[in-house]
Amino acid sequence: MIQVSTEQQSITTTDDSMCSSPQEQLSLFMEKLSSILTELKDDKRLIMIGNPQIQKAVESLEADFRRAKAMEKSGLASSPAAHDEHIEQVIQSLARGLGLVLFASHDVVEVTRKEEIEALRREMMKMNIVNKPNLIMSSDESEFSLYDRGIVEEDDRITLDIDGIVEEDDRIALDIDDVVVQIKYGDDQLLKCALHGLKSLVLDGMITKEGVHHEDMIPVLFNRLSSSKTDDRLIILRILQALVAQDDEHKEKMAEMGNLSILVKSLGRDLEEQKEAVGLLVSLSDVAAVRRRIGRIQGCIVMLAAIFNGDDQMASHDAANLLNSLSGNTQYALHMAEAGYFKPLVHYLNQGSDMSKILMATALSRMELTDQNRANLGQDGAIEPLVKMFSTGNLEAKQSSLNALHNLSVSKANVQRLMKSGIVATLLQLLFSVTSVLMTLREPASAILAKIAAQSEAGIVLVKQDIAQQMISLLHLTSPVIQCHLLEALNAIAARPNASKVRKKMKENGAVRLLLPFLTESRNAKIRNGALNLIYVLSNDMQGGELMEQLEETHLSTLINVVLSSPTTDDEKAAAVGILSNFPVSDKNVTDKFMKANLLPILVSLLTSSTPTTPHLLAENISAVLIRFTLPSDKKLQHFSAEIGVISILVNLLTCGSIVAKCRAATSLAQLSQNSFALRKSRKSRWFSCAPPHPTDSFCQVHDGHCSTRSTFCLIKSGAVPPLVQILQGNEREADEASLSCLATLLQDDIWENGSNFLVEKSCVQPIIKILEEGISLKAQEKCLWILERIFRVEAYRVEYGECAQVVLIDLAQNGDSLLKPTVARLLAQLELLQSQSSYF
C-alpha cells in the first residue's frame, strides 16, 4: 500500500456535510448530483460522440442515483443505527459512479463542470473515510486504503466494465498498488487510465517520497517511457516532472545513465514530447555529474541544437539553457558548434584561455559551414576575437585564427565586418613579409583578400588603395595556391566598372606580359584560367593595335590552342575567345592566322554543341569573333562563313542568346545583308534560260530576285526578321541599334519600297516609334528616324502611322538632341506638319 503524508492520515473537514448525520449528508449530495446528472444526460457533445463507455458510465450513475433517491424517500432514517452504514455505502457508490464518468470521458471530450464533479467526488470519498475510522490505518503503519473491501455487499456491487477500469470484482482500484501494477503490466487502455490516476495522486500531493521509492515508481515509469505510445509518454514525462518539482531526491534516481538515455530519445520525437523532455532534462542538469552524463549520450547535443533552432519558443529557450549548462566542457562546446549552436564557441573565443581560443579557432577553420551558419557566427561576435587573436597572438594563434577567418569570409556580411576590423592593411603587410616564420600565413591571408575583393563594397576599398599592382608583383614570387588567390583577387578588382584607372595602370606597368607565361601552365588549370580571365579583362580596354604590341605570334597561337584543345574548360575557352575577339577586325594578318588554324569551324561547332549550362560569355565572345568573318568588304569570307552554317547560328543567337550575343549577332547579319541585293539572281537575267531553274519559293519580294541563306545571305530567307522585331518589342535596349541597323539593310536605295512593305507587314513600325520615344540611345534614335523617313515615303503608311508618330516627332523637334532635328524636320515635312523651307533643315 502507498505511504501518505501525515496530513492525510487524519482527514478532517470544516464542511457542514461532515458534521451532520449520514441521512442529511445523503440529501445534500443528492441535491448536487441531480443537476450534474441532468446536464450529463443533456450534453449534446456526449450524445454526438456516441461512445459506449461514456454511455455505460452515465447509465450506471443514473441507476445508483435512482436507488439512492428511493432510499431517501423510504424514510429508512427512522432506524439510523441500522442504516447509517448502508447510506454510506450508497454515497460511496455514487462517488465511484462520478469517478467512472470522469475516467470514461478522459481524452474523448471535456465534461461540463468537470472541476465541480471532481470536487464533489472527493468530498463524498472524504465523508466515508471520516465516518469509517476502520479505514484509517494506525499511525505507525502510516497507510490507508481508499475503500474498505468488505463494505459493499455482493448485490450492491457495480457491474460496469469500462476497459479495465472496473476490476473483476466490480470495484475501482484507486490504491497505488493497483496503479503501479497496471502501469507495469497493463495493456494500452489500462496503462492510460492508471497514468491519469497516478498523475492526479501526484499533483494532489497524495504520494510521499517514501511511497515513490517503496513502489519503485521511477524505474517503472522510465521502463514504460521507452515502450509506450506518444500520448502515454507525454503523461509519464509530466508525472516525472511533477515528482522532480516535489522532491530533489527523485532527481538522483532519474539521473541514472539508463534513464537519461531513455529521456534523450524523446528529444527526437514530436514537438510536445520534445518540449516535456527538454524541460525535464533542464531540471535534472543542475548537478555536474548529470551534465557530464547528458553530454556523453550520443545524439543528445545534436537534437538539443535542432530544438533550439526550432519554432517552439519555450522548447528553444529550455534547449538553450541546457546547452549553456553543458558548455562548461570544451568538447561539448565544439559538438554544439558542429550542430549549429555557436554561442559557447564564441564565448570561449572571447573569454577562454589561450589554449581554449586556439582549440576553438582551429575547429572553426575545419568546420563545413552553411552560409547561414557563417552569418550566425558573425552575428554572434566571432569575427572580432579572431581578428584580435591574429593581431596579438603567437604564431599558433595567428595560424588558427586566420584559417577560421578564411572560412567565415565566404559570407558577405562577414566581409563587411572584416573591413570594419581594419584587417586588410595587416593582411597586405603579411603578404609582403619576408620573415620565414610568417610565410605559412600568406596562404590564408591571400585567400581572405580574394574574398574581400569579390564583395562589392569591400572591393571598392581595394580599388581605391591601388593594391592590384602590388599583387601582380607578387605573382612570380609565391606558391601556386597563393597565385590562385591573388589572380582571383586581381580579376575581382579589375572587372569592376569603376576600376578603369586601375586597369590602365596595370597595362602601363606591363601586367599583360607578366601574365602571359601563365597561359602555358599545364599543372594548375586554375592559375591558367585566372591569367586568361585577367588578360581578357585588360584587353577589353585596348584600342587599335595595342593588343598586338603586347602579344607575340607565339602567344596568339597559344590562345588559339586553348580554344581548339578539348581538355580546357568552357570558362577558359570563353576567356581565350574573348581575347581573340579584341584583336582589330580589320587586321587581315590576324584573320589569316585564324583561317590557317581552322578556328571558324571550331567556333561554329562550340555553339552548335552548346547546352543550357554553357557559359553565356562563351557564346557572347564567339559572336564577337564572327563579326570579323562577316565583314561586307570580304565576300569570299562571307561565303565561307555561310557555307559552314554561320547564318543559322546567328539567327539562333537572336532567339536564345543573351542581349550581348543578340547585339553582336545582329551586327554580323547586318554586314551579310548589305551584299544580299548585289548577290541576288534577277528574274530578268540574260542567261536565265541557260541556268538551272530556281525553286519556286526562292524568289524574294524584297530583293526582287532569287535568294537563299547561303548564296545571298538573305535576312528574309534566313528567318531573321521576326526575332529582330522581337528584340525591338522586348524590354532590353542594348541590342536596339544593331537590330535597327540590320533591318535598315532592307531599305537600301534600290529596294526601299519593297523593304517598307515588308517591314510594315511584319509590324515593325510601332516598336520603332516606341524606341524613338524612349530615347535611351541617340544612335538608335537616328536609325529609327532613318527607317521611318523611308517608310513614310509611301502615302498609305503616312496616313496609317503618321498620327501616332507626329506626337513623338514634335516632342523631339522641341526637346530632342540637336543632331536629330534635321531628320525630324524632314519627317514632319513628309507628314505636312512643317514646311520644307523651315529653319530646322
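The values are calculated or read from the model by the stated rules, or taken from the named source; none is laboratory data. None of these values were measured; they are calculated from a predicted model. Neighbour counts run over all protein chains shown; Cβ positions are idealised from the backbone, glycine included. All accessible areas refer to the heavy atoms of the entire protein, side chains included, with ligands and DNA or RNA removed. Shrake-Rupley method; radii C 1.70, N 1.55, O 1.52, S 1.80 Å.
Just a few scattered comments:
- Residue that is within 23 Å of T667 (Cβ to Cβ), surrounded by 21 or more Cβ atoms within 10 Å (Cβ to Cβ) and at pLDDT 90 or above, where the choices are K770, K779, K783: K783
- Residue match in segment 206-214 (condition: in a helix (DSSP H, G or I), among the charged types (D, E, K, R), assigned by the TED database to the domain that holds R291 and under 40 Å from the mean Cα position of the chain (by Cα)): no
- Scanning segment 296-321 for residues that are over 20 Å from Q372 (Cβ atoms) and open to solvent by 10 Å² or more (accessible area, probe 1.4 Å) yields R296, I297, Q298, G299, M314, H317, D318, N321.
- For segment 520-529, the set of residues classified as assigned to a helix (DSSP H, G or I) and open to solvent by 10 Å² or more (accessible area, probe 1.4 Å) consists of T520, A525, K526, R528, N529, listed by residue number.
- Check on I622, surrounded by 22 or more Cβ atoms within 10 Å (Cβ to Cβ), touching a residue at least 24 places away in the same chain (Cβ under 8 Å) and either in contact with a strand residue (DSSP E or B) (Cβ under 7 Å, 6 or more places away or on another chain) or over 23 Å from N533 (Cα atoms) (or both): no
- Residue that is hydrophobic (A, V, I, L, M, F, W, C) and modelled with pLDDT under 95, where the choices are F677, F629: F677
- Per-region count, segment 298-339, residues within 25 Å of F390 (Cβ to Cβ) and among the small types (G, A, S): 3
- Among the residues listed as V346, V287, the single one being among the aliphatic types (A, V, I, L, M), at pLDDT below 90 and in contact with a helix residue (DSSP H, G or I) (Cβ under 8 Å, 6 or more places away or on another chain): V287
Let's see how each residue does on (1) at pLDDT below 75; (2) open to solvent by 60 Å² or more (accessible area, probe 1.4 Å):
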| site | (1), (2) |
| --- | --- |
| T6 | yes, yes |
| I11 | yes, no |
| Q25 | no, no |
| S35 | no, no |
| A63 | no, no |
| M71 | yes, no |
| A81 | yes, yes |
| V101 | no, no |
| A104 | yes, no |
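- D177 being surrounded by fewer than 18 Cβ atoms within 10 Å (Cβ to Cβ), modelled with pLDDT under 80 and in a helix (DSSP H, G or I): yes
- Flag for V282 being more than 16 Å from H213 (Cβ to Cβ), touching an Asp or Glu at 6+ places or on another chain (Cβ under 8 Å) and modelled with pLDDT under 95: yes
- Pairs where the first residue, in segment 592-606, is under 13 Å from V577 (Cβ atoms) and the second is not in a helix (DSSP H, G or I), C-beta under 7 Å, 6+ apart: L600/I644; V604/I644; V604/G645
- Hey, T745 under 20 Å from S673 (Cα atoms), open to solvent by less than 60 Å² (accessible area, probe 1.4 Å) and touching a His at 6+ places or on another chain (Cβ under 9 Å) or not: no
- Yes/no for K573 being in contact (Cβ under 8 Å) with a residue 40 or more places away in the chain, among the basic types (K, R) and either under 23 Å from I647 (Cα atoms) or open to solvent by 60 Å² or more (accessible area, probe 1.4 Å) (or both): yes
- The one condition from (1) assigned to a helix (DSSP H, G or I); (2) surrounded by 18 or more Cβ atoms within 10 Å (Cβ to Cβ) that N324 does not meet is (2).
- Residue, surrounded by the fewest Cβ atoms within 10 Å (Cβ to Cβ), within segment 473-488, restricted to residues that are among the hydrophobic types (A, V, I, L, M, F, W, C) and in contact with a Gly (Cβ under 9 Å, 6 or more places away or on another chain): C484
- Any pair with Cβ under 8 angstrom, 6 or more apart, that starts in segment 212-230 at a residue that is over 16 Å from L267 (Cβ atoms) and ends at one that is basic (K, R) and open to solvent by 50 Å² or more (accessible area, probe 1.4 Å): H213/K253; I218/K253; P219/K253; V220/K184; N223/K184; R224/K184
- Pairing each residue of segment 631-642 that is over 13 Å from V585 (Cβ atoms) with any residue that is open to solvent by 60 Å² or more (accessible area, probe 1.4 Å), provided the two are 6+ apart or on different chains, yields C-beta distances under 6 Å for A642/R710.
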